[in-house]
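**Student:** Pasting a structure below so you can have a look.
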Amino acid sequence: MTNLRDKIIHSSLHLFEKHGFHGVTVNQIVESTGTSKGGFYHHFTSKDELLFVIHDTFITYVLEKAYIAKNTYDSPTKKLQEIIKSFVQVFDLYKPHISVFYQENVYLKADYEELIKKKRDQFKNIIIDTIHEGKASGDFREDLSEEITGMAILGMVNWTYKWYKKSGEKSIDEIGNIYVDLIMRSILNN
């Protein structure tokens, strides 16, 4: 049985996708969840916090996976492959969260935005540090701009949210492998 907090998140995701953040009231969330305002406010201080939690859920997932890869593998090549694969996975696991975030992130309050930015920067820096490490070890091309290569990886993979469908021709794992192949072929020192 899903707990009330998860039910509130799930209901609000669908409502925000359909009507936008400002087009949805706490009353509508409460009604669609079958709870009371007290039930809502027991789990969230505001609708703004709810929007933050929606984004924080998936950025925390990719950041945790990136730290696991960073701390598990010595090889910068293997590290980057695992970071990319888990990054692609997020679009299957949290597609509604990501869609709502990109549609509604302009409404994120400054303090919440700062917390998200901090995590996004940590994730970006793990990728850039891994590219630096790969250049230093001779695994990756010496002529790569670490910053631009890192941003290119982020941009390419992030765009997945626009076109990925669970019912599509390729599974999320196959898509992840395609990204790994494309990226690694362009940065490996062969």
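The values are calculated or read from the model by the stated rules, or taken from the named source; none is laboratory data. Since the model is a prediction, treat every value here as computed from it, not as a measurement. When we count neighbours, we look across all protein chains shown, and the Cβ atoms used for this are built from the backbone with ideal geometry, even at glycine. For the accessible areas, the whole protein counts, side chains as well, though only heavy atoms, and no ligand, DNA or RNA atoms are used. Shrake-Rupley method; radii C 1.70, N 1.55, O 1.52, S 1.80 Å.
**Student:** Tell me the angle of helix 146-158 to the major Cα principal axis of the chain, expressed in degrees between 0 and 90 and rounded to the nearest ten.
**Tutor:** Tilt relative to the chain: about 40 degrees.
**Student:** Right, another one. Can you list the GluC sites (Glu not before Pro) in the stretch 84-177 that are in a DSSP coil and have 14 or fewer other beta carbons within 10 angstrom?
**Tutor:** Qualifying residues, ordered by number: 142, 169.
**Student:** In square angstrom, rounded to the nearest 10, how much accessible surface does residue 182 have for a 1.4 Å probe?
**Tutor:** For residue 182, the solvent-accessible surface is approximately 100 Å².
**Student:** Which of 63, 177, 163 sits farthest toward the positive end of the charge dipole of the chain, with +1 on the Cβ of Lys and Arg and -1 on the Cβ of Asp and Glu?
**Tutor:** Selected residue: 163.
**Student:** Using the alpha-carbon atoms, what tilt in degrees (0 to 90, nearest 10) does helix 172-187 show relative to the longest principal axis of the chain?
**Tutor:** For 172-187 against the chain, the angle is about 40 degrees.
**Student:** Please compute the per residue accessible area over the stretch 1-44 with all protein chains in place, 1.4 Å probe, rounded to a whole number of Å². Provide the component values of the computation, followed by the final result.
**Tutor:** Details: 2580 Å² over 44 residues.
For the stretch 1-44, the solvent-accessible area averages 59 Å² per residue.
**Student:** Here's a follow-up. Any idea how far the Cα center of the stretch 57-124 sits from the one of the stretch 164-183, in Å?
**Tutor:** Cα centroid to Cα centroid, the span is 17 Å.
**Student:** Show me, for the stretch 98-113, the HN-Hα J-couplings you get by feeding each phi into the Karplus relation (A = 6.51, B = -1.76, C = 1.60, θ = phi - 60°), rounded to Hz, glycine and proline as x.
**Tutor:** Result, ordered by residue: 5, 4, 5, 4, 5, 6, 10, 5, 5, 8, 5, 5, 3, 5, 5, 4 Hz.
**Student:** Mind pulling up the Rg/Rh value for the stretch 53-133? Radius of gyration and Kirkwood radius, both on Cα.
**Tutor:** Rg divided by Rh gives 1.01.
**Student:** Also, quick follow-up: Is there a quick way to get the dipole size of the stretch 46-187? I mean about its Cα centre, with the Cβ of Lys and Arg at +1 and of Asp and Glu at -1; what is the value in debye to the nearest 20?
**Tutor:** The dipole of the stretch 46-187 has a size of about 340 debye.
**Student:** Counting only heavy atoms of the protein chains, get the accessible area per residue of the stretch 87-190 (1.4 Å probe) and round it to a whole Å² value.
**Tutor:** 57 Å²
**Student:** How large is ³J(HN,Hα), in whole Hz, for each residue of the stretch 63-74 in order, when computed from phi with the Karplus curve 6.51 cos²θ - 1.76 cosθ + 1.60 and θ = phi - 60°, using x for Gly and Pro?
**Tutor:** Once rounded to whole Hz, the list reads 5, 4, 5, 5, 5, 4, 4, 4, 8, 9, 10, 7.
**Student:** Specify the angular offset, from 0 to 90 degrees and rounded to the nearest 10, of the alpha carbon long axis of helix 76-93 from the longest principal axis of the alpha carbons in the chain.
**Tutor:** Roughly 20 degrees, rounded to the nearest 10.
**Student:** At a 1.4 Å probe, what is the % contribution of carbon and sulfur to the accessible area of the chain?
**Tutor:** Roughly 51 percent of what the probe reaches on the chain is carbon or sulfur.
**Student:** Name the residues whose placed amide hydrogens come within less than 5 Å of the amide hydrogen of residue 140, ignoring near sequence neighbours (fewer than 5 apart) on the same chain.
**Tutor:** Those qualifying (amide H under 5 Å, at least 5 residues apart or on another chain) are 135, 189.
**Student:** Just the ratio, please: alpha-carbon radius of gyration of the stretch 126-190 over 2.2 N^0.38 Å, N its number of residues.
**Tutor:** In units of the 2.2 N^0.38 Å rule of thumb, it is 1.24.
**Student:** Rounded to the nearest 500, what is the chain's calculated 222 nm mean residue ellipticity when only DSSP H runs of at least 4 contribute -39500 (n - 2.57) each, over all residues?
**Tutor:** Details: 10 runs with 146 residues, N = 190.
When only DSSP H runs of four or more count, the value is -25000 deg cm²/dmol.
**Student:** If the reach is capped at under 26 angstrom between alpha carbons, list the lysines near residue 135, excluding any in the same chain fewer than eight residues apart.
**Tutor:** 65, 70, 78, 79, 85, 118, 119, 124
**Student:** In square angstrom, rounded to the nearest 10, how much accessible surface does residue 85 have for a 1.4 Å probe?
**Tutor:** Surface open to solvent at residue 85 totals about 70 Å².
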